[in-house]
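Report on one structure; see the data block that follows.
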Amino acid sequence: MNLIPESNEQSAWVERSLRSVWHPCTQMQHHENTPLIPVSHGRGAWLYDHEGRRYLDAISSWWVNLFGHANARINAALKDQLDRLEHAMLAGFTHEPVICLSEQLSQLTGHALGHCFYASDGASAVEIALKMSFHAWRNGGQSAKQEFVCLKGSYHGETIGALAVTDVALFKDAYGPLLRAAHVVATPDARTALEGETAQDVARRAAADVARLFGERAQHIAAIIIEPLVQCAGGMAMHDPLYLTLVRELCDRHQVHMILDEIAVGCGRTGTFFACEQAGIWPDFLCLSKGISGGYLPLSLVMTREQVYQAFYSPDVTRAFLHSHSYTGNPLACRAALATLAIFAEDDVLRTNLVRAQRLTAALAPLANHERVRHFRQRGMIWAFDTVLPDPAAGADFSRRFFARALDHELLMRPIGGTVYMMPPYILSDEESDGLAARTLDVFEQVLGT
Ligand SMILES: *Cc1c(COP(=O)(O)O)cnc(C)c1O
């Protein structure tokens, strides 16, 4: 393969990419007017292009990068692992990185979720949780439990099974005929508060919708799947932890599994290592991916309880969970995850993030109080606000123009429609935080002014 470009010019890379690479989540024709940036290298919170321009990765490269690009500690761990074992199959074999990672994650749940099942991407972890839930009930003699419940505005990935429990019209509608219908219940999104209601009131109202559904159909329902605290891809909708506490009670009372999809909100993103810690509960299944490998390698996993594990434990092979992926438990990815967990411990990351978050929140005050901004919100290392636009249909155009203008200001940001958000890596310096806030304000005003 010829890796030497005929020309190292930015425009040559763009042209070659557009000819042969089909980019994700993109109407390729939009690249006739929307820039495509060939990344040459990354360092810390910054990505660099071939012309030496840099971009602050304010969204952690789709929410995966926790400790910066080319992180010295993760790099060192991977180089060491590369010379030991790059990969071995995980059926019939095991290895140190996958064992240590499973033990450490279990420890982080106080051993409530003591069994880890591995895959490579988030959507696969969701598929695993759905299949495991259904199969656990079936093995327990409750094969009528075949239905799933998701929340309005939920996002759980793009494969056929994960899309079935996703409620984002733009991603789902085209494939409607292929999908098995799920029950969609009210969102606890605090923005839906009626006059005089608190976020907790909204949580109670949304939980009442779950109670109603469980009351009618629990004998047919295997599980409810929730993105705890923040529904990210649906537009950074935040809710009160009370919702999770109430749904946990309902799941116990009606014998329905609770699946928490912490693919985006796990790994410290909301302030605690697992988002559900803020509600004082554990689910029956917890999905992790994205940040778990520090943003280095594809890795996902589902953690579950002893009771679920025991439902499959038997001399009978057909009672086993026969799901697998070729790269299940890849040693390099697990080693990147171990290096990531080590950084959390060594640097007391959850505590230093509190200070980091306060600084950025304070710096964002001019945006929070801007006349064209509604619902400025923050949880942990996630910030979001909604733009007042002439009509909701203007969101897609706003988002593309914002992305392009942000690049001119050395920022990588991709608003979700009119919702501007930041999910930066956990390494921003004070100077980078202040610069991010100031430049975001400039971009925002320029996009609205043009
Ligand atoms: C990103 C995401 C997924 C899907 O993960 P992929 O690795 O993109 O398949 C699922 N759930 C949530 C909450 C996510 O944010």
Discussion item. Taking the full set of protein chains and a 1.4 angstrom probe, give the accessible area of T198 in square angstrom, rounded to the nearest 10.
Written reply: 70
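Around D201, under 12 Å between beta carbons, what's the net of Lys plus Arg minus Asp minus Glu among the other residues? Don't skip to the end; give the middle numbers.
Values: positive: R204, R205; negative: E195, E197, D240.
That sum, taken over residues with Cβ under 12 Å, equals -1.
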Worksheet item: How large is ³J(HN,Hα) for each residue in the range 143-149, as worked out from phi by the Karplus curve 6.51 cos²θ - 1.76 cosθ + 1.60 (θ = phi - 60°), to whole Hz, x for Gly and Pro?
Response: 6, 6, 7, 10, 9, 10, 10
Discussion item. Straight-line reach from K152: which lysines fall under 18 Å, measuring Cα to Cα and dropping same-chain residues less than 8 apart?
Written reply: K172
Response to the item:
Here, trypsin sites (Lys or Arg not before Pro) of the range 58-131 satisfying both criteria (DSSP loop; at most 13 other Cβ within 10 Å) are R84
Discussion item. If amide hydrogens are placed 1.01 Å from N in the peptide plane, which non-local residues have theirs closer than 5 Å to the one on S300?
Written reply: A119, S120, D121
Practice prompt. With unit charges on the beta carbon (Lys/Arg positive, Asp/Glu negative), name the residue among Q219, A333, V256 whose Cα is farthest towards the positive pole of the charge dipole of the range 203-346.
Written response: Q219
Worksheet item: Can you work out ³J(HN,Hα) from phi for every residue in the range 241-246, in order, using Karplus 6.51 cos²θ - 1.76 cosθ + 1.60 and θ = phi - 60°, giving whole Hz and x for Gly and Pro?
Response: x, 3, 4, 5, 4, 5
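Shape of the range 52-161 from its Cα gyration tensor (a ≥ b ≥ c, root eigenvalues): rounded if a/c is under 1.5, otherwise prolate when a/b > b/c, or oblate?
Values: a/c = 2.41, a/b = 1.39, b/c = 1.73.
In terms of gyration-tensor shape, oblate.
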Worksheet entry | Rounded to whole Hz, the Karplus (6.51, -1.76, 1.60) HN-Hα couplings of the range 328-336, x for glycine and proline | 3, x, 3, x, 5, 5, 5, 5, 4
Response to the item:
Note on the chain: alpha-carbon gyration tensor, axes a ≥ b ≥ c; rule is a/c under 1.5 for rounded, else prolate if a/b larger than b/c, else oblate; result oblate
Discussion item. Taking amide H atoms as placed 1.01 Å from N in the peptide plane, list the residues 5 or more away in sequence, or in a different chain, whose amide H sits under 5 Å from that of H257.
Written reply: A223, I224
Item to complete: Hand me the chymotrypsin sites (Phe, Trp or Tyr not before Pro) from the range 239-347 located in a DSSP loop with no more than 13 other Cβ atoms within 10 Å, in residue order please.
Response: Y313
Item to complete: With a 1.4 Å probe and every protein chain left in place, tell me how much accessible area L338 has, in Å² to the nearest 10.
Response: 30
Practice prompt. Take the alpha carbon atoms of the range 182-219, find their center, do the same for the range 324-348, and report the distance between the two centers in whole angstrom.
Written response: 36
Discussion item. Give the aspartates and glutamates reachable from K79 as a straight Cα distance under 18 Å; neighbours fewer than 8 places away on the same chain don't count.
Written reply: E96
Worksheet item: So who's got an amide H within less than 5 Å of the one on V373, skipping anything under 5 residues away but keeping other chains? H placed 1.01 Å off N, in plane.
Response: V388
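The values are calculated or read from the model by the stated rules, or taken from the named source; none is laboratory data. Owing to the predicted nature of the structure, the values given are computational and were not obtained by experimental measurement. Cβ coordinates were reconstructed from backbone atoms using ideal geometry, including for glycine residues, and neighbour counts include every protein chain displayed. Each accessible area value is taken on the protein alone, full model and side chains, heavy atoms only, with ligands, DNA and RNA left out. Shrake-Rupley method; radii C 1.70, N 1.55, O 1.52, S 1.80 Å.
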